[in-house]
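First comes the structure, then the notes that go with it.
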Amino acid sequence: MSGSAHKHIVMPDRFRDPYIFENILSMQEPVFSKECPLDMSRIAFMEPYSMISFLLMGRNYLRNRGSKLTLINLPVHIHQYLARMDFFESAVFNIPEVLDTNLMFRRNKSSSRLLEITEIPNKERQSVKVISAVIALFRKRAPLILKYWMNDSVVDYFVTVISELCQNIFEHSLDSGYMAMQTYRSGNENIARLVISDSGIGIIKSFSSRNDIKYTEGSELIELALTTPISSKREFGYGLCQVNNIVEKLKGVIYIRSGESSLTAFYNRKDKNSKYLFQRNGLIRFDGMQISISLSS
Amino acid sequence: MIISVEKTAKELKVKTPDLITRPVGRLMYSSTVDKLAVIGAGEVVILDFAGIKVIDSSFIDEYVVRLIHDSCKRDFYLKLRNISAISEINIDSVFNSYSNYKDRRIVITREDIGRNNRFYIGPLSENESDILDYLRINQGTTLDDIVNFTGADSLKVKKSVEELMFMRVLKKNNGEFTAV
């Protein structure tokens, strides 16, 4: 944090993956209590999960305070990236520094290894239209987004995953959410990451009417929802369970966070006889459900 | 009757190649039910999914599962054609969940061989699968023939055959059985 006058809060470079982003979530209290700009100058890298969670954090601030968080000193490359991902389209943040049009990333075929941030409405009819459009765009860009994993079945698997997770937003969260997807390079690895998140009621509230489902901690309920066809609205459900089966087939990683709990399934490690499911509880409270699905090569 | 699912979707201005979400399933179901108004008792209805790549669990629940229920009530048989690999996986997952949570199983036959090397999708036992395969090749077979083929106890075979008929994957005409 900056000096005693709290002119601004310096955000640390913790936007690299979902686990490190917990540091940013732990700053919610000072960010929400002090009406001061966030200094983004130290951010060197931002991946899609952190970007969407940060967007939700900004939206929560706007809803709670009635005013927008101000982001200052955005490094040019981060500003370019956020503009390319349509991060500013939601108008959740104040950005006093304008990026010169000449510096904006061009929207051409070669820069389309991504799906820009799209809001998934919480109303069924609108949501169906948006999901259909997102999937049509994904099919168009899949040869670039999934270049390192490309075959027809991978594309079809992801169509199922996007469809199931986006529908969960309007069926269960009682709030709208966001989705985005991107392929990027981290060290020697190519990573394709799909993120679908909301700041709605979260999994525990969603299952509050199901007294027959027994669990002790939030992460256990996440694991149950992921591995057995349970549903908060119907007798049984298929969506999350089917998503989990697909991620396992693709040997990917799924990370789910809801409220104060999270679960990570590293299916890329499952064959090596090592532990691949990791539950965490007692995290900083962050409403809703945030999901990241990654493939690496 | 053959119903082209893609054509039905186009008539309803539903974008293909993917059929996803419950509202789309409901819309397609209601249009398909209208088309089925003219079919006779015991008729086989082929749902042709040519041109369709992905159907998700919500669509399957609202479209395929509901049509299977209707086939029992209205006495017709359903069969799938040109089902993609991912759609087969999704249908199988829905049917398995359904069968685990309800006290009845749902199964559907298909024209082309699937990933399970069988001509059906759904949770059948090995014994039931064998009977179905046998009847696909040997049309118009008696119960005694099936008993001889399986070598199993005739009461057990009779029960399996009745189950398969109840699931609408087997037909009985003049005392002879044929796979749908």
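Which members of region A:141-153 meet the condition of being part of a helix (DSSP H, G or I), more than 14 Å from chain B (Cβ to nearest Cβ) and either free of Cβ contacts under 8 Å to residues at least 60 places away in the same chain or basic (Lys, Arg) (or both)? Write out each step before concluding.
Step one: filter region A:141-153 for residues part of a helix (DSSP H, G or I), giving A:141-145, A:147-149, A:152-153.
Those left that are additionally more than 14 Å from chain B (Cβ to nearest Cβ): A:141, A:143-145, A:147-149.
Residues satisfying the conditions are A:ARG141, A:PRO143, A:LEU144, A:ILE145, A:LYS147.
Against the conditions (1) modelled with pLDDT under 95; (2) in contact with a Leu (Cβ under 6 Å, 6 or more places away or on another chain), where does A:SER111 fall short? Just the number, please.
For A:SER111, the failing item is (2).
Step by step: first the residues of region B:161-178, then only those that are part of a loop (DSSP other than H, G, I, E, B) and free of Cβ contacts under 8 Å to residues at least 40 places away in the same chain, then the one that is nearest to B:PRO123 (Cα to Cα). Which residue is that? Reasoning before the result, please.
Just the residues of region B:161-178 that are part of a loop (DSSP other than H, G, I, E, B), to begin with: B:167-169, B:174-175.
Still in the list and also free of Cβ contacts under 8 Å to residues at least 40 places away in the same chain: B:174-175.
Values: B:ASN174: 28, B:GLY175: 26 Å.
Top of the filtered list is B:GLY175.
Go through region B:124-160 and count every residue that is within 19 Å of B:ARG105 (Cβ to Cβ), small (Gly, Ala, Ser) and assigned to a helix (DSSP H, G or I).
Residues meeting the conditions: 2.
Condition check: over 30 Å from A:GLU189 (Cβ atoms) and either within 10 Å of chain B (Cβ to nearest Cβ) or hydrophobic (A, V, I, L, M, F, W, C) (or both). Does A:ILE246 satisfy that? Lay out the reasoning, then the answer.
On the way: over 30 Å from A:GLU189 (Cβ atoms): no; either within 10 Å of chain B (Cβ to nearest Cβ) or hydrophobic (A, V, I, L, M, F, W, C) (or both): yes.
Spelling it out, it is not the case that A:ILE246 is over 30 Å from A:GLU189 (Cβ atoms) and either within 10 Å of chain B (Cβ to nearest Cβ) or hydrophobic (A, V, I, L, M, F, W, C) (or both).
Is one or more of the residues making up region A:198-207 of a type in the set (Ser, Thr, Tyr) and buried (at least 18 other Cβ atoms within 10 Å of the Cβ)?
Restricting attention to region A:198-207, the residues satisfying the condition of being of a type in the set (Ser, Thr, Tyr) are A:199, A:206.
Next, from what is left, pick out any that are buried (at least 18 other Cβ atoms within 10 Å of the Cβ): A:199, A:206.
Among the residues of region A:198-207, at least one is of a type in the set (Ser, Thr, Tyr) and buried (at least 18 other Cβ atoms within 10 Å of the Cβ), which makes the answer yes.
Got at least one residue in region B:70-92 being within 28 Å of A:GLY239 (Cβ to Cβ), basic (Lys, Arg) and part of a helix (DSSP H, G or I)? Outline the logic, then answer.
Step one: of region B:70-92, the residues within 28 Å of A:GLY239 (Cβ to Cβ) are B:70-73, B:78-92.
This time we only want the ones that are basic (Lys, Arg), so: B:73, B:79, B:81.
In the following step, the residues that additionally are part of a helix (DSSP H, G or I) were identified as B:73.
Within region B:70-92, one or more residues are within 28 Å of A:GLY239 (Cβ to Cβ), basic (Lys, Arg) and part of a helix (DSSP H, G or I).
Condition check: at negative phi, surrounded by 15 or more Cβ atoms within 10 Å (Cβ to Cβ), among the aliphatic types (A, V, I, L, M) and not in a helix (DSSP H, G or I). Does A:VAL195 satisfy that?
In short, yes.
Given A:PHE138, A:PHE170, which one is closer than 30 Å to A:SER206 by Cβ, within 14 Å of chain B (Cβ to nearest Cβ), touching a Pro at 6+ places or on another chain (Cβ under 8 Å) and surrounded by 18 or more Cβ atoms within 10 Å (Cβ to Cβ)?
Numbers: A:PHE138 fails: touching a Pro at 6+ places or on another chain (Cβ under 8 Å).
Exactly one of A:PHE138, A:PHE170 is closer than 30 Å to A:SER206 by Cβ, within 14 Å of chain B (Cβ to nearest Cβ), touching a Pro at 6+ places or on another chain (Cβ under 8 Å) and surrounded by 18 or more Cβ atoms within 10 Å (Cβ to Cβ), namely A:PHE170.
If a residue must be under 18 Å from B:MET28 (Cα atoms), touching a residue at least 40 places away in the same chain (Cβ under 8 Å) and surrounded by fewer than 20 Cβ atoms within 10 Å (Cβ to Cβ), how many such residues does region B:79-110 contain?
Number of matching residues: 1.
In region B:32-69, which residue that is within 21 Å of B:ILE20 (Cα to Cα) and part of a loop (DSSP other than H, G, I, E, B) is farthest from the other protein chains (Cβ to nearest Cβ)?
Selected residue: B:ALA50.
Is there a residue in region A:254-271 that is of a type in the set (Gly, Ala, Ser) and farther than 25 Å from A:TYR178 by Cβ? So that I can check it myself, show each step before the final result.
Residues of region A:254-271 that are of a type in the set (Gly, Ala, Ser), as a first pass: A:258-259, A:261-262, A:265.
Checking which are farther than 25 Å from A:TYR178 by Cβ leaves us with none.
No, region A:254-271 contains no residue that is of a type in the set (Gly, Ala, Ser) and farther than 25 Å from A:TYR178 by Cβ.
Restricting attention to region B:96-110, and to residues there that are closer than 19 Å to B:TYR63 by Cα and not in a helix (DSSP H, G or I), which single residue is modelled with the lowest pLDDT?
Ranking the candidates gives B:LYS102 first.
Identify all residues within region A:66-86 that are under 20 Å from A:VAL10 (Cβ atoms) and of a type outside the set (Ser, Thr, Tyr); write none if there are none.
Residues of region A:66-86 under 20 Å from A:VAL10 (Cβ atoms): A:68-79, A:81-82.
Those that are under 20 Å from A:VAL10 (Cβ atoms) and of a type outside the set (Ser, Thr, Tyr): A:LYS68, A:LEU69, A:LEU71, A:ILE72, A:ASN73, A:LEU74, A:PRO75, A:VAL76, A:HIS77, A:ILE78, A:HIS79, A:LEU82.
When the residues of region A:260-297 are filtered to those that are crowded, with 17+ Cβ neighbours inside 10 Å and among the acidic types (Asp, Glu), which remaining residue is farthest from A:LEU224 (Cα to Cα)?
Per the criteria, the residue is A:ASP287.
Quickly run through region A:222-239 and pick out the residues that are more than 10 Å from every other protein chain (Cβ to nearest Cβ), aliphatic (A, V, I, L, M) and either under 15 Å from A:GLU171 (Cα atoms) or assigned to a strand (DSSP E or B) (or both).
Here is the first cut: in region A:222-239, the residues more than 10 Å from every other protein chain (Cβ to nearest Cβ) are A:222-227, A:232-233.
With aliphatic (A, V, I, L, M) added as a condition, the list becomes A:222, A:224-226.
Of everything in region A:222-239, just one residue is more than 10 Å from every other protein chain (Cβ to nearest Cβ), aliphatic (A, V, I, L, M) and either under 15 Å from A:GLU171 (Cα atoms) or assigned to a strand (DSSP E or B) (or both), namely A:ALA225.
Exactly one of (1) within 14 Å of another protein chain (Cβ to nearest Cβ); (2) over 23 Å from the mean Cα position of the chain (by Cα); (3) not hydroxyl-bearing (Ser, Thr, Tyr) is unmet by A:LYS123. Its number?
Of everything listed in (1) within 14 Å of another protein chain (Cβ to nearest Cβ); (2) over 23 Å from the mean Cα position of the chain (by Cα); (3) not hydroxyl-bearing (Ser, Thr, Tyr), A:LYS123 misses just condition (2).
How do the helices (runs of 4 or more DSSP H) wholly within region A:1-85 filter down when requiring 2 or more residues that are under 19 Å from the mean Cα position of the chain (by Cα) and at pLDDT 95 or above: which remain?
Numbers: elements: A:22-25, A:28-33, A:48-65, A:76-84.
Because the criterion is at least 2 residues that are under 19 Å from the mean Cα position of the chain (by Cα) and at pLDDT 95 or above, the helices (runs of 4 or more DSSP H) in region A:1-85 that meet it are A:22-25, A:48-65, A:76-84.
Every residue in region A:201-229 that is under 17 Å from A:LEU240 (Cα atoms) and of a type in the set (Gly, Ala, Ser), please.
Selection gives A:GLY202, A:SER206, A:GLY218, A:SER219, A:ALA225.
Filter region A:27-86 down to the residues that are within 26 Å of A:ASN102 (Cα to Cα) and small (Gly, Ala, Ser), then identify the one that is surrounded by the most Cβ atoms within 10 Å (Cβ to Cβ).
Filtering first and then ranking leaves A:ALA83.
Which residue, of B:ILE83, B:ILE60, B:ILE68, B:ILE121, is out of contact with any Lys or Arg (no Cβ under 9 Å at 6 or more places or on another chain) and of a type in the set (A, V, I, L, M, F, W, C)?
Details: B:ILE83 fails: out of contact with any Lys or Arg (no Cβ under 9 Å at 6 or more places or on another chain); B:ILE68 fails: out of contact with any Lys or Arg (no Cβ under 9 Å at 6 or more places or on another chain); B:ILE121 fails: out of contact with any Lys or Arg (no Cβ under 9 Å at 6 or more places or on another chain).
Just a single option satisfies the conditions, and that option is B:ILE60.
Applying the selection to region B:8-18, what residues are more than 10 Å from chain A (Cβ to nearest Cβ), out of contact with any Leu (no Cβ under 9 Å at 6 or more places or on another chain), of a type outside the set (Val, Ile, Thr) and surrounded by 18 or more Cβ atoms within 10 Å (Cβ to Cβ)?
Passing the criteria: none in range.
The values are calculated or read from the model by the stated rules, or taken from the named source; none is laboratory data. Because the structure is predicted, anything quoted here is derived from the model rather than measured. So basically every Cβ, Gly included, is an ideal-geometry build from the backbone, and we count neighbours across all protein chains shown.
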